[in-house]
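Some notes on the structure that comes next.
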Amino acid sequence: YRNFACKGLRCLSDVPNAEMYRNAHHSSGRFCSQSFQPLGKKIPSLQISSVGQLPHHFPAWNIQIIRSFHTSPSLQAAPVPLFWIIVKPAQKLFAIILGRSIRKWWKALPPNKRELFKESARKNKWKILLGVSSLGVVFVMFYFTHLEETPITGRTRLMVFGKEHFKELSQMEYDTWMELFKNQMLPETDAGYQVVETIVGHLSESNKDIPQVSALKWVIHVVDEPAVNAFVLPNGQVFVFTGLLDAVSDIHQLSFILGHEIAHAVLEHAVKKASLVHLLDFLSLIFLTMIWAICPRDSLAVVGQWIQSKLQEFMFDRPYSRTLEAEADKVGLQFAAKACVDVRASSVFWQQMELAEAIEGQPKLPEWLSTHPSHENRAEHLDRLIPEALKIRESCNCPSLSGPDPRLIFRLNMQRLLELAEGREAPNSTKQDPSKPKLDFAHT
(Lines give C-alpha, C1' and ligand atoms only; values in the text may rest on other atoms or scores of the structure.)
Protein backbone atom coordinates (compact mmCIF):
# COMPACT_ATOMS: atom_id res chain seq x y z
CA TYR A 1 0.00 0.00 0.00
CA ARG A 2 2.87 2.34 -0.95
CA ASN A 3 3.78 2.85 2.71
CA PHE A 4 0.33 4.38 3.28
CA ALA A 5 1.54 7.74 1.93
CA CYS A 6 3.65 8.02 5.06
CA LYS A 7 6.48 10.04 3.57
CA GLY A 8 8.66 8.96 6.46
CA LEU A 9 6.10 9.49 9.22
CA ARG A 10 4.43 6.95 11.48
CA CYS A 11 1.51 4.89 10.18
CA LEU A 12 -1.45 2.98 11.44
CA SER A 13 -1.02 -0.71 11.82
CA ASP A 14 -1.87 -4.00 13.27
CA VAL A 15 -5.57 -3.26 13.35
CA PRO A 16 -6.56 -6.96 13.27
CA ASN A 17 -4.65 -7.47 16.53
CA ALA A 18 -6.20 -4.54 18.39
CA GLU A 19 -7.58 -6.03 21.59
CA MET A 20 -10.12 -3.26 22.03
CA TYR A 21 -12.14 -4.62 19.14
CA ARG A 22 -12.02 -8.31 20.05
CA ASN A 23 -14.39 -10.22 22.24
CA ALA A 24 -16.02 -6.93 23.33
CA HIS A 25 -19.67 -7.15 24.26
CA HIS A 26 -21.83 -4.33 25.50
CA SER A 27 -24.20 -4.75 28.39
CA SER A 28 -27.71 -3.37 28.35
CA GLY A 29 -26.70 -0.52 30.70
CA ARG A 30 -27.67 3.03 30.06
CA PHE A 31 -24.35 3.86 28.37
CA CYS A 32 -24.27 0.94 25.96
CA SER A 33 -26.04 -0.02 22.79
CA GLN A 34 -28.42 -2.96 23.13
CA SER A 35 -26.92 -4.85 20.22
CA PHE A 36 -23.16 -4.57 19.88
CA GLN A 37 -21.12 -5.98 17.03
CA PRO A 38 -17.34 -6.05 17.41
CA LEU A 39 -15.16 -4.69 14.69
CA GLY A 40 -14.73 -7.01 11.73
CA LYS A 41 -11.64 -9.11 11.56
CA LYS A 42 -10.82 -8.36 7.94
CA ILE A 43 -9.03 -5.07 8.44
CA PRO A 44 -5.92 -4.23 6.46
CA SER A 45 -2.72 -4.40 8.45
CA LEU A 46 -0.67 -1.21 8.53
CA GLN A 47 2.67 -0.58 10.22
CA ILE A 48 2.51 1.41 13.44
CA SER A 49 4.75 2.37 16.31
CA SER A 50 3.65 1.88 19.88
CA VAL A 51 1.80 4.71 21.56
CA GLY A 52 3.97 7.78 21.67
CA GLN A 53 7.15 5.74 21.26
CA LEU A 54 10.22 7.36 19.74
CA PRO A 55 13.18 5.23 18.69
CA HIS A 56 16.11 5.61 21.08
CA HIS A 57 18.53 6.34 18.24
CA PHE A 58 16.38 9.11 16.78
CA PRO A 59 18.02 12.54 17.29
CA ALA A 60 15.62 15.16 18.46
CA TRP A 61 16.40 17.57 15.64
CA ASN A 62 15.79 14.91 12.98
CA ILE A 63 12.18 14.31 13.99
CA GLN A 64 9.80 15.24 11.20
CA ILE A 65 7.31 17.81 12.40
CA ILE A 66 3.58 17.16 12.42
CA ARG A 67 1.47 20.13 11.45
CA SER A 68 -1.00 21.62 13.88
CA PHE A 69 -4.29 19.76 13.90
CA HIS A 70 -7.52 21.76 13.70
CA THR A 71 -10.79 19.94 13.43
CA SER A 72 -12.93 22.75 12.03
CA PRO A 73 -11.65 24.06 8.69
CA SER A 74 -12.66 27.57 7.71
CA LEU A 75 -14.83 26.40 4.83
CA GLN A 76 -16.70 24.12 7.21
CA ALA A 77 -17.08 26.52 10.13
CA ALA A 78 -20.77 27.43 10.32
CA PRO A 79 -23.15 27.24 7.40
CA VAL A 80 -26.11 29.66 7.49
CA PRO A 81 -29.24 29.86 5.35
CA LEU A 82 -28.58 31.29 1.89
CA PHE A 83 -30.91 34.21 2.52
CA TRP A 84 -28.73 35.49 5.36
CA ILE A 85 -25.55 34.91 3.37
CA ILE A 86 -26.86 37.38 0.81
CA VAL A 87 -28.55 39.79 3.22
CA LYS A 88 -25.77 40.07 5.83
CA PRO A 89 -23.46 42.37 3.78
CA ALA A 90 -26.48 44.47 2.79
CA GLN A 91 -27.45 44.83 6.46
CA LYS A 92 -24.02 46.16 7.39
CA LEU A 93 -23.99 48.53 4.44
CA PHE A 94 -27.44 49.80 5.42
CA ALA A 95 -26.29 50.36 9.04
CA ILE A 96 -23.23 52.31 7.84
CA ILE A 97 -25.28 54.46 5.46
CA LEU A 98 -27.93 55.09 8.14
CA GLY A 99 -25.38 56.05 10.79
CA ARG A 100 -23.47 58.28 8.39
CA SER A 101 -26.73 59.96 7.27
CA ILE A 102 -27.71 60.66 10.89
CA ARG A 103 -24.31 62.25 11.52
CA LYS A 104 -24.53 64.47 8.42
CA TRP A 105 -28.13 65.41 9.24
CA TRP A 106 -27.13 66.43 12.76
CA LYS A 107 -24.17 68.47 11.54
CA ALA A 108 -26.39 70.25 8.99
CA LEU A 109 -28.93 71.33 11.65
CA PRO A 110 -28.75 74.97 12.79
CA PRO A 111 -27.83 75.41 16.48
CA ASN A 112 -31.36 76.55 17.45
CA LYS A 113 -32.94 73.43 15.89
CA ARG A 114 -30.46 71.21 17.69
CA GLU A 115 -31.55 72.72 21.00
CA LEU A 116 -35.21 72.24 20.09
CA PHE A 117 -34.52 68.60 19.25
CA LYS A 118 -32.71 68.05 22.57
CA GLU A 119 -35.54 69.72 24.46
CA SER A 120 -38.09 67.53 22.71
CA ALA A 121 -36.05 64.45 23.60
CA ARG A 122 -35.95 65.50 27.27
CA LYS A 123 -39.72 66.02 27.34
CA ASN A 124 -40.40 62.62 25.78
CA LYS A 125 -37.67 60.72 27.60
CA TRP A 126 -40.18 58.35 29.23
CA LYS A 127 -41.75 57.51 25.88
CA ILE A 128 -38.30 56.89 24.41
CA LEU A 129 -37.36 54.75 27.40
CA LEU A 130 -40.60 52.79 27.07
CA GLY A 131 -39.95 52.16 23.38
CA VAL A 132 -36.39 50.97 24.03
CA SER A 133 -37.60 48.77 26.90
CA SER A 134 -40.27 47.24 24.67
CA LEU A 135 -37.62 46.34 22.09
CA GLY A 136 -35.52 44.82 24.87
CA VAL A 137 -38.47 42.72 26.07
CA VAL A 138 -39.11 41.51 22.51
CA PHE A 139 -35.45 40.54 22.17
CA VAL A 140 -35.45 38.66 25.50
CA MET A 141 -38.67 36.84 24.53
CA PHE A 142 -37.15 35.89 21.18
CA TYR A 143 -34.05 34.56 22.92
CA PHE A 144 -35.84 32.41 25.49
CA THR A 145 -38.39 31.07 23.01
CA HIS A 146 -35.56 29.79 20.79
CA LEU A 147 -33.72 27.82 23.47
CA GLU A 148 -33.47 24.04 23.16
CA GLU A 149 -31.80 21.26 25.08
CA THR A 150 -28.62 19.86 23.60
CA PRO A 151 -28.82 16.09 23.03
CA ILE A 152 -26.64 13.91 25.28
CA THR A 153 -25.19 16.78 27.36
CA GLY A 154 -28.52 18.43 28.23
CA ARG A 155 -27.02 21.93 27.95
CA THR A 156 -29.31 24.78 26.89
CA ARG A 157 -28.55 26.15 23.43
CA LEU A 158 -29.86 28.89 21.16
CA MET A 159 -31.39 27.64 17.89
CA VAL A 160 -32.40 30.44 15.53
CA PHE A 161 -32.41 28.49 12.27
CA GLY A 162 -34.38 25.39 11.34
CA LYS A 163 -32.50 22.14 10.84
CA GLU A 164 -33.97 21.70 7.35
CA HIS A 165 -31.97 24.70 6.14
CA PHE A 166 -28.79 23.02 7.26
CA LYS A 167 -29.60 19.75 5.56
CA GLU A 168 -29.82 21.61 2.26
CA LEU A 169 -26.67 23.60 2.94
CA SER A 170 -24.82 20.50 4.10
CA GLN A 171 -25.51 18.93 0.72
CA MET A 172 -24.24 22.06 -1.04
CA GLU A 173 -21.14 22.08 1.14
CA TYR A 174 -20.61 18.38 0.46
CA ASP A 175 -20.75 19.03 -3.30
CA THR A 176 -18.17 21.79 -2.87
CA TRP A 177 -15.75 19.55 -0.99
CA MET A 178 -16.20 16.71 -3.49
CA GLU A 179 -15.45 19.05 -6.38
CA LEU A 180 -12.39 20.39 -4.57
CA PHE A 181 -10.95 16.95 -3.77
CA LYS A 182 -12.33 14.94 -6.69
CA ASN A 183 -8.82 13.98 -7.84
CA GLN A 184 -7.55 13.15 -4.34
CA MET A 185 -10.21 10.76 -3.06
CA LEU A 186 -8.86 7.35 -2.09
CA PRO A 187 -10.86 4.36 -3.41
CA GLU A 188 -12.84 2.04 -1.15
CA THR A 189 -10.24 -0.67 -1.71
CA ASP A 190 -7.53 1.52 -0.18
CA ALA A 191 -6.18 0.37 3.19
CA GLY A 192 -6.57 3.81 4.75
CA TYR A 193 -10.16 4.05 3.60
CA GLN A 194 -10.98 0.66 5.07
CA VAL A 195 -9.45 1.56 8.43
CA VAL A 196 -11.48 4.76 8.68
CA GLU A 197 -14.64 3.02 7.47
CA THR A 198 -14.22 0.26 10.05
CA ILE A 199 -13.64 2.69 12.93
CA VAL A 200 -16.59 4.93 12.02
CA GLY A 201 -18.82 1.91 11.57
CA HIS A 202 -17.76 0.54 14.94
CA LEU A 203 -18.32 3.89 16.69
CA SER A 204 -21.78 4.31 15.17
CA GLU A 205 -22.77 0.71 15.95
CA SER A 206 -21.58 1.00 19.55
CA ASN A 207 -23.55 4.23 20.04
CA LYS A 208 -26.67 3.42 18.05
CA ASP A 209 -28.76 3.65 21.21
CA ILE A 210 -28.37 7.43 20.80
CA PRO A 211 -31.10 8.55 18.33
CA GLN A 212 -28.93 11.31 16.83
CA VAL A 213 -26.23 8.76 15.97
CA SER A 214 -28.51 6.14 14.45
CA ALA A 215 -30.48 8.77 12.49
CA LEU A 216 -27.48 9.78 10.37
CA LYS A 217 -25.96 7.77 7.55
CA TRP A 218 -22.20 7.99 7.94
CA VAL A 219 -20.40 8.15 4.58
CA ILE A 220 -16.59 7.96 4.49
CA HIS A 221 -14.25 10.06 2.33
CA VAL A 222 -10.48 9.78 2.73
CA VAL A 223 -8.54 12.55 1.00
CA ASP A 224 -4.91 12.12 -0.05
CA GLU A 225 -3.80 15.40 1.49
CA PRO A 226 -0.89 15.99 3.94
CA ALA A 227 -2.91 18.34 6.16
CA VAL A 228 -3.51 16.94 9.66
CA ASN A 229 -7.27 17.35 9.55
CA ALA A 230 -10.68 15.69 9.72
CA PHE A 231 -14.25 16.94 9.88
CA VAL A 232 -17.82 15.69 9.65
CA LEU A 233 -20.58 17.63 7.90
CA PRO A 234 -23.97 17.93 9.63
CA ASN A 235 -25.44 15.35 7.22
CA GLY A 236 -22.97 12.63 8.26
CA GLN A 237 -20.36 13.01 5.50
CA VAL A 238 -17.01 12.12 7.09
CA PHE A 239 -13.82 13.60 5.59
CA VAL A 240 -10.41 12.40 6.80
CA PHE A 241 -7.07 13.55 5.38
CA THR A 242 -4.17 11.13 5.09
CA GLY A 243 -2.04 13.63 7.02
CA LEU A 244 -4.07 12.75 10.10
CA LEU A 245 -3.56 9.02 9.50
CA ASP A 246 0.19 9.70 9.43
CA ALA A 247 0.07 11.83 12.59
CA VAL A 248 -1.72 9.45 14.97
CA SER A 249 0.30 6.81 16.79
CA ASP A 250 -2.32 4.10 17.01
CA ILE A 251 -5.89 3.04 16.34
CA HIS A 252 -7.04 4.35 19.72
CA GLN A 253 -6.03 7.93 18.98
CA LEU A 254 -7.71 7.82 15.59
CA SER A 255 -10.89 6.40 17.13
CA PHE A 256 -11.07 9.22 19.65
CA ILE A 257 -10.53 11.89 16.98
CA LEU A 258 -13.24 10.44 14.77
CA GLY A 259 -15.50 10.20 17.82
CA HIS A 260 -14.83 13.88 18.44
CA GLU A 261 -15.82 14.76 14.88
CA ILE A 262 -18.95 12.62 15.03
CA ALA A 263 -19.85 14.43 18.26
CA HIS A 264 -19.72 17.76 16.40
CA ALA A 265 -22.36 16.48 13.97
CA VAL A 266 -24.50 14.75 16.61
CA LEU A 267 -24.52 17.84 18.86
CA GLU A 268 -25.35 20.03 15.84
CA HIS A 269 -22.57 22.46 16.60
CA ALA A 270 -22.79 24.05 13.15
CA VAL A 271 -26.39 25.11 13.83
CA LYS A 272 -25.51 26.36 17.32
CA LYS A 273 -22.56 28.42 16.08
CA ALA A 274 -24.56 29.91 13.20
CA SER A 275 -27.39 30.85 15.57
CA LEU A 276 -25.03 32.69 17.93
CA VAL A 277 -23.27 34.45 15.06
CA HIS A 278 -26.60 35.55 13.59
CA LEU A 279 -27.77 36.94 16.93
CA LEU A 280 -24.51 38.80 17.54
CA ASP A 281 -24.54 40.19 14.01
CA PHE A 282 -28.05 41.54 14.58
CA LEU A 283 -26.99 43.28 17.80
CA SER A 284 -23.81 44.57 16.17
CA LEU A 285 -25.90 46.41 13.56
CA ILE A 286 -27.23 48.67 16.34
CA PHE A 287 -23.72 49.46 17.58
CA LEU A 288 -22.45 49.84 14.01
CA THR A 289 -25.13 52.47 13.31
CA MET A 290 -24.21 54.29 16.54
CA ILE A 291 -20.49 54.23 15.70
CA TRP A 292 -21.04 55.82 12.28
CA ALA A 293 -23.48 58.33 13.76
CA ILE A 294 -21.29 59.43 16.69
CA CYS A 295 -17.78 59.43 15.18
CA PRO A 296 -17.05 62.88 13.70
CA ARG A 297 -15.08 61.50 10.72
CA ASP A 298 -15.34 58.45 8.48
CA SER A 299 -11.78 57.41 9.31
CA LEU A 300 -12.60 57.25 13.02
CA ALA A 301 -15.80 55.35 12.25
CA VAL A 302 -13.80 52.75 10.29
CA VAL A 303 -11.45 52.31 13.26
CA GLY A 304 -14.41 52.04 15.62
CA GLN A 305 -16.04 49.43 13.38
CA TRP A 306 -12.82 47.39 13.33
CA ILE A 307 -12.53 47.56 17.14
CA GLN A 308 -16.16 46.47 17.47
CA SER A 309 -15.64 43.47 15.18
CA LYS A 310 -12.51 42.40 17.08
CA LEU A 311 -14.25 42.71 20.44
CA GLN A 312 -17.09 40.54 19.16
CA GLU A 313 -14.64 38.01 17.78
CA PHE A 314 -12.47 37.66 20.89
CA MET A 315 -15.19 38.09 23.53
CA PHE A 316 -17.90 35.90 21.98
CA ASP A 317 -17.07 34.05 18.75
CA ARG A 318 -13.76 32.41 19.69
CA PRO A 319 -14.64 31.57 23.31
CA TYR A 320 -17.85 29.94 22.10
CA SER A 321 -15.92 27.93 19.51
CA ARG A 322 -13.55 26.73 22.23
CA THR A 323 -16.55 25.74 24.36
CA LEU A 324 -17.94 23.67 21.49
CA GLU A 325 -14.57 21.97 21.00
CA ALA A 326 -14.40 21.05 24.70
CA GLU A 327 -17.96 19.70 24.53
CA ALA A 328 -17.11 17.60 21.47
CA ASP A 329 -14.03 16.25 23.28
CA LYS A 330 -16.17 15.14 26.20
CA VAL A 331 -18.89 13.48 24.11
CA GLY A 332 -16.37 12.04 21.64
CA LEU A 333 -14.52 10.44 24.55
CA GLN A 334 -17.79 8.85 25.70
CA PHE A 335 -18.42 7.53 22.18
CA ALA A 336 -14.93 6.02 22.13
CA ALA A 337 -15.36 4.50 25.59
CA LYS A 338 -18.57 2.74 24.55
CA ALA A 339 -16.64 1.36 21.55
CA CYS A 340 -14.07 -0.18 23.94
CA VAL A 341 -11.29 2.17 22.82
CA ASP A 342 -8.33 2.79 25.14
CA VAL A 343 -9.49 6.29 26.07
CA ARG A 344 -6.20 6.98 27.87
CA ALA A 345 -4.60 7.54 24.46
CA SER A 346 -6.80 10.57 23.78
CA SER A 347 -4.71 13.05 25.76
CA VAL A 348 -1.47 11.59 24.38
CA PHE A 349 -2.38 12.75 20.88
CA TRP A 350 -2.55 16.39 21.97
CA GLN A 351 0.67 16.02 23.95
CA GLN A 352 2.30 14.73 20.76
CA MET A 353 0.99 17.77 18.87
CA GLU A 354 2.40 20.07 21.54
CA LEU A 355 5.75 18.27 21.39
CA ALA A 356 5.87 18.60 17.61
CA GLU A 357 5.26 22.35 17.80
CA ALA A 358 7.93 22.70 20.52
CA ILE A 359 10.52 20.87 18.41
CA GLU A 360 9.61 22.98 15.41
CA GLY A 361 10.07 26.12 17.50
CA GLN A 362 6.60 27.49 16.88
CA PRO A 363 5.65 30.30 19.29
CA LYS A 364 2.98 29.49 21.87
CA LEU A 365 0.15 31.91 21.24
CA PRO A 366 -2.34 32.70 24.00
CA GLU A 367 -5.39 30.48 23.89
CA TRP A 368 -7.75 33.46 23.60
CA LEU A 369 -6.36 34.12 20.12
CA SER A 370 -7.52 30.73 18.85
CA THR A 371 -10.86 29.10 18.03
CA HIS A 372 -9.53 25.87 19.60
CA PRO A 373 -8.20 25.14 23.09
CA SER A 374 -4.43 24.94 23.37
CA HIS A 375 -2.91 21.47 23.03
CA GLU A 376 -1.77 21.57 26.66
CA ASN A 377 -5.17 22.57 28.06
CA ARG A 378 -6.89 20.07 25.80
CA ALA A 379 -4.73 17.23 27.10
CA GLU A 380 -5.36 18.30 30.71
CA HIS A 381 -9.11 18.49 30.09
CA LEU A 382 -9.14 14.99 28.63
CA ASP A 383 -7.07 13.65 31.54
CA ARG A 384 -9.78 14.91 33.90
CA LEU A 385 -12.46 13.17 31.81
CA ILE A 386 -10.65 9.84 31.41
CA PRO A 387 -11.66 8.34 34.80
CA GLU A 388 -15.34 8.83 33.94
CA ALA A 389 -14.77 7.39 30.45
CA LEU A 390 -13.07 4.33 31.96
CA LYS A 391 -16.16 3.74 34.09
CA ILE A 392 -18.35 3.93 30.97
CA ARG A 393 -16.02 1.50 29.25
CA GLU A 394 -16.23 -0.89 32.19
CA SER A 395 -20.04 -0.66 32.30
CA CYS A 396 -20.10 -1.80 28.66
CA ASN A 397 -18.27 -5.04 29.55
CA CYS A 398 -15.24 -4.12 27.45
CA PRO A 399 -12.07 -6.22 27.74
CA SER A 400 -9.75 -4.98 30.47
CA LEU A 401 -6.94 -2.74 29.29
CA SER A 402 -3.64 -4.57 29.04
CA GLY A 403 -0.18 -3.12 28.97
CA PRO A 404 1.13 0.13 30.47
CA ASP A 405 -0.73 3.41 30.38
CA PRO A 406 0.09 5.19 27.07
CA ARG A 407 0.42 8.44 29.02
CA LEU A 408 3.23 6.88 31.05
CA ILE A 409 4.91 5.62 27.87
CA PHE A 410 4.76 9.12 26.41
CA ARG A 411 6.30 10.68 29.53
CA LEU A 412 9.13 8.15 29.49
CA ASN A 413 9.80 8.85 25.83
CA MET A 414 9.75 12.57 26.58
CA GLN A 415 12.45 12.03 29.20
CA ARG A 416 14.47 9.99 26.71
CA LEU A 417 14.12 12.67 24.07
CA LEU A 418 15.22 15.32 26.54
CA GLU A 419 18.27 13.27 27.51
CA LEU A 420 19.20 12.93 23.82
CA ALA A 421 18.84 16.68 23.35
CA GLU A 422 20.95 17.45 26.44
CA GLY A 423 23.57 14.95 25.30
CA ARG A 424 23.89 16.73 21.96
CA GLU A 425 24.05 20.19 23.54
CA ALA A 426 26.51 19.34 26.35
CA PRO A 427 29.73 19.33 24.25
CA ASN A 428 28.79 22.67 22.72
CA SER A 429 27.33 24.28 25.84
CA THR A 430 29.60 27.30 25.51
CA LYS A 431 28.73 27.85 21.86
CA GLN A 432 25.28 27.13 20.48
CA ASP A 433 25.14 25.64 17.00
CA PRO A 434 22.61 27.80 15.07
CA SER A 435 21.83 24.90 12.72
CA LYS A 436 20.17 22.97 15.55
CA PRO A 437 16.95 24.24 17.07
CA LYS A 438 16.86 25.06 20.76
CA LEU A 439 14.45 22.71 22.53
CA ASP A 440 12.36 23.84 25.47
CA PHE A 441 10.18 21.21 27.14
CA ALA A 442 9.69 23.01 30.44
CA HIS A 443 5.98 23.48 29.75
CA THR A 444 5.33 19.81 29.02
Practice item. Mind jotting down the distance between the C-alpha centroids of segment 275-338 and segment 209-254, whole Å? Key: 28
Exercise for review: Collect residues whose amide H, placed 1.01 Å from N in the peptide plane, falls under 5 Å from the amide H of V219; neighbours closer than 5 in sequence don't count.
Suggested key: Q237, V238
Check your understanding: Quick one: if you stick a label point 7 Å off each Cα along the C-beta vector at W106 and A215, how many nm between them?
Key -> 4.9
Check your understanding: From the phi of every residue in segment 322-335, what ³J(HN,Hα) in whole Hz does the Karplus formula 6.51 cos²θ - 1.76 cosθ + 1.60 yield, where θ is phi - 60° and glycine or proline is x?
Key -> 5, 5, 5, 5, 5, 5, 5, 4, 5, 5, x, 5, 5, 4
**Study point:** Convex hull volume of segment 180-327 per residue (C-alpha atoms, cubic angstrom)
**Key:** 145
Practice item. Sort E115, E394, E173 from largest to smallest accessible area, using a 1.4 Å probe on the heavy atoms of the protein chains. Key: E394, E115, E173
**Study point:** Probe 1.4 Å, accessible area per residue of segment 101-185, Å²
**Key:** 76
Exercise for review: Mind ranking E354, E149, E360 by accessible surface for me, highest first, 1.4 Å probe?
Suggested key: E149, E360, E354
Practice item. Rounded to whole Hz and in sequence order, give me ³J(HN,Hα) for segment 93-99 from the Karplus expression 6.51 cos²θ - 1.76 cosθ + 1.60, θ = phi - 60°, writing x for Gly and Pro. Key: 4, 5, 5, 5, 5, 5, x
Exercise for review: Kindly rank 238-246, 400-408, 362-370, 188-196 from highest to lowest mean number of other beta carbons found within 10 Å of each residue.
Suggested key: 238-246, 188-196, 400-408, 362-370
**Study point:** Rg to Rh, two decimals, where segment 211-296 supplies the alpha carbon set and Rh follows Kirkwood
**Key:** 1.23
Exercise for review: Cross-chain or 8 or more residues apart, Cα under 22 Å: how many lysine pairs in segment 90-156 fit that? Count them up, please.
Suggested key: 8
Practice item. Send over the semi-axes of segment 144-248's equivalent ellipsoid, whole angstrom and largest first, taken as the square roots of 5 times the C-alpha gyration tensor eigenvalues. Key: 28, 17, 12
Exercise for review: Please list, in chain and number order, the residues 5+ apart from E225 or on another chain whose amide H is under 5 Å from its amide H, with Hs placed from the backbone.
Suggested key: T242, G243
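The values are calculated or read from the model by the stated rules, or taken from the named source; none is laboratory data. Keep in mind the model is a prediction, meaning the values are calculated, not measured. Positions of Cβ are generated from backbone atoms using ideal geometry, with glycine treated the same way; all protein chains shown enter the neighbour counts. We work out accessible area using only protein heavy atoms, side chains counted, and drop any ligands, DNA or RNA first. Shrake-Rupley method; radii C 1.70, N 1.55, O 1.52, S 1.80 Å.
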